Amino acid sequence: MKQFIKSFCVAAVAVGISASASAGNITVKGSDTLLILAQKWAENYMGSHADVKISVTGGGTGTGFAALQNQTTDLCDASRKAKAAEIANCIKAFNARPTEYKVALDGLSVYVNPESPLKELTVAQVGDIFTGKTKNWKEVGGPDAPITLYSRENSSGTYEFFKEHVLKGHDFAASAQTMPGTAAIVQAVLKDKYGIGYGGAAYGGGTKQLSIKKDDTSPAIDPTENNVESGTYPIWRYLYVYVNPALDKGDIAAYLNWIRSDDGQKYVKEVGYFPLPKNLRN
Amino acid sequence: MGIHRGHQARPVEWLAEKFIFLVSLSAIVMVFLIFLFVAREALPLFFGETNTALVQKPIPTADLEKLSPAKLQQYLELTPAQFAAMDKDTLKSLMDVKQEAQDEVPEEFRNDPDARINTTEWRYLVLPHQWNHYDKPEYIWQPVGQIQKYNIIPLLVGTLKTTLIGLLFAVPLSVGAAIYVSQMARPKMREIIKPTIELLSGIPSVVVGFFALLVMATVLQKVFGYQTRLNAFVAGIALGFAVIPVIFSIAEDALTSVPRAYTQAALALGASRWQTAWQIVLPAALPGVFAATVLGFGRAIGETMIVLMVCSASVMSWSIFDSARSITTTIAAEMAEAVSGGPHYRILFMLGALLFAVTFVSNMVAGAVIQRFKLKLEGKR
């Protein structure tokens, strides 16, 4: 028995050592927004680099940063910039700021029911609608009916971005219903004649996506690919990958370079986001 | 201790006994560890060690030399061990980060009186406050944003609302079904109904939530004609479906285990079946039925997925046709994105501890009440 336990321990240690020593294991954790894209990247990269193994998990941007600072992940996907507290935590954990890479663009559209006569709104009008200042469609040129708001869970990077940049930091109306995902918002808006929601520009299937004016005087812009990539559509954001600078070498650096190359960027469009402008690519 | 009755315990039996002892011990240890973990994560909140004020006066990085080590350590929120291990450059970059965080605050918020409030103080957690841009004092849960608002009252109200609606719906139905199955149904009928109701508990709650989201919400809206499609009422009814099998199976057991002598005596004295069930069996089984209800309450208050899927706007309203957000939903939905160790994270743990306390106290009270009922029924008081 003792002999058995001894040999078992030796075997376990050997397995452990060989697992940690085998080169080219990259772990990616973080934003659920980026999850599908990250998986796509990983699959295609592993297809051409047989010696590299990439495992991708979601869980949320915050979870990703927690893992980055505990050094249980190599790369952290983020749908928002790192917060000061998270950077401070990283410095406390590994004495350096995490390196930030922009990896894709995301445009956010405002969805309404296809039956709505509305075509365009200014950013400020959208903000007023979601803070609850504007309660009736007729105030923005629609029918005389109350507006039903559909928003995201506050854990979503989309929620946070919308709050900071469209609501200008003000609170969402308490009556805004929080939906578990963009698909749920689209479903709800399709069922609700007087509903309004927001989400990724590529996910609005079936709803009417409003043209957005930056302010009263500027032209209304459709959330199309060209407009988002050129930055003329006013509601867009970057998606990021963060990495511990000490690990940013060898396989990991090569993978990050590939993601930001023309080759990697061509997968971005397949999952509904927008590729980086040429000057930010690698 | 153990198996020593007249013969030497066999080694296998001895092993089995020790193993079972270890398993039960590990359960106790687990409960204790979980509680310890939750309490530890929430503790800084109780000591007032979190500060969420948006605008804080940063100390210029150049003043690093002038600060006493103790003050610096407190300013940078470091543990003594972390502080001791750090060199000057790291400290400097930490101070830079503090400065940058202040520089990023939008102009509009710099002069906002709310930006100087530490929103994790108790009065902001439980009392209404008139925030800037609001007309009157309000309870607001909006933990993400420039000014983080952590009022937990809407969550408590939301939890109570959905739980009570669920119980009001489930208790009469399941106790009624239990009385019918245990007292009145013919054996054949019983063999169909009992397993069918108990099968309900086999449906994963996420599926119940899904069904409620897509089907029940629409049907109930058509029947009752309220404005908000997804609200506490729909969530409560869906919760009821999750709770019914719990209450039913325990209540049914309690009713069945009432001695047959009671029933037979009542029937012999000329009582009808209904009178027997209602006036003899049900009172005799009341402790069991009550225990079933309390367990149902625990199940309902701890249920996450159904409420998460059906409604989750943190509205402060007692109307059952408004939306609601329960504590469990909040923890499940927000924990993943909270900065670990930050105020939001601490408050979510505090909510977890609160939930634990509520179920613990309700179980204890239920235990005491059941004891009293039992003594009364047995004529000892």
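The values are calculated or read from the model by the stated rules, or taken from the named source; none is laboratory data. The model shown is predicted, which means the values in this text are computed figures rather than measured ones. All Cβ positions, glycine included, derive from the backbone under ideal geometry; neighbour counts span all protein chains shown.
Scanning the range B:316-330 for residues that are part of a loop (DSSP other than H, G, I, E, B) and either more than 12 Å from chain A (Cβ to nearest Cβ) or surrounded by fewer than 24 Cβ atoms within 10 Å (Cβ to Cβ) (or both) returns B:MET316, B:SER317, B:TRP318, B:SER319, B:ILE320, B:PHE321, B:ASP322, B:SER326. Across the range A:159-181, the number of residues qualifying as more than 8 Å from every other protein chain (Cβ to nearest Cβ), in a helix (DSSP H, G or I) and surrounded by fewer than 23 Cβ atoms within 10 Å (Cβ to Cβ) comes to 2. The residue of the range A:54-63 that is nearest to the chain's Cα centre (by Cα), among those that are more than 9 Å from every other protein chain (Cβ to nearest Cβ) and surrounded by 21 or more Cβ atoms within 10 Å (Cβ to Cβ), is A:VAL56.
Taking the criterion of being of a type in the set (Gly, Ala, Ser), surrounded by 10 or more Cβ atoms within 10 Å (Cβ to Cβ) and at pLDDT 55 or above, the residues of the range A:1-53 that qualify are A:GLY24, A:GLY30, A:SER31, A:ALA38, A:ALA42. Criterion applied to B:LEU200, B:LEU164 was being more than 14 Å from chain A (Cβ to nearest Cβ), over 30 Å from B:ALA271 (Cα atoms) and over 21 Å from the mean Cα position of the chain (by Cα), and the one residue passing it is B:LEU200.
With respect to (1) touching a residue at least 24 places away in the same chain (Cβ under 8 Å); (2) more than 18 Å from the chain's Cα centre (by Cα); (3) within 14 Å of another protein chain (Cβ to nearest Cβ), the lone exception for B:THR304 is condition (2).
None of A:CYS76, A:CYS90 is within 14 Å of chain B (Cβ to nearest Cβ), closer than 16 Å to A:VAL241 by Cα and in a strand (DSSP E or B) except A:CYS76.
Of all residues in the range A:185-215, those satisfying the criterion of being in contact (Cβ under 8 Å) with a residue 24 or more places away in the chain and part of a helix (DSSP H, G or I) are A:ILE185, A:VAL186, A:ALA188, A:VAL189, A:LEU190, A:ALA201, A:ALA202, A:TYR203.
Go through the residues of the range A:128-150 one by one and say whether even a single one is under 29 Å from A:ASN227 (Cβ atoms), within 12 Å of chain B (Cβ to nearest Cβ) and part of a helix (DSSP H, G or I). So far as the range A:128-150 goes, yes, one or more of its residues are under 29 Å from A:ASN227 (Cβ atoms), within 12 Å of chain B (Cβ to nearest Cβ) and part of a helix (DSSP H, G or I).
Taking into account only those residues within the range B:331-345 that are more than 8 Å from chain A (Cβ to nearest Cβ) and more than 16 Å from the chain's Cα centre (by Cα), which is surrounded by the most Cβ atoms within 10 Å (Cβ to Cβ)? Here the residue is B:HIS344. Within the set B:ALA178, B:ALA170, B:ALA217, the sole residue that is assigned to a helix (DSSP H, G or I) and within 12 Å of chain A (Cβ to nearest Cβ) turns out to be B:ALA217. Could you please let me know if B:VAL281 is among the aliphatic types (A, V, I, L, M), away from every other protein chain (no Cβ under 12 Å) and under 30 Å from B:ALA217 (Cα atoms)? So B:VAL281 does not fit the description; no.
Of the residues that sit in the range B:95-111 and are part of a loop (DSSP other than H, G, I, E, B) and more than 9 Å from every other protein chain (Cβ to nearest Cβ), which one is nearest to the chain's Cα centre (by Cα)? It comes out as B:VAL105. Applying the criterion of at least 1 residues that are in contact with a helix residue (DSSP H, G or I) (Cβ under 7 Å, 6 or more places away or on another chain) and either at pLDDT 90 or above or of a type in the set (Gly, Ala, Ser) (or both) to the helices (runs of 4 or more DSSP H) found wholly in the range A:217-282 leaves A:250-259, A:262-265.
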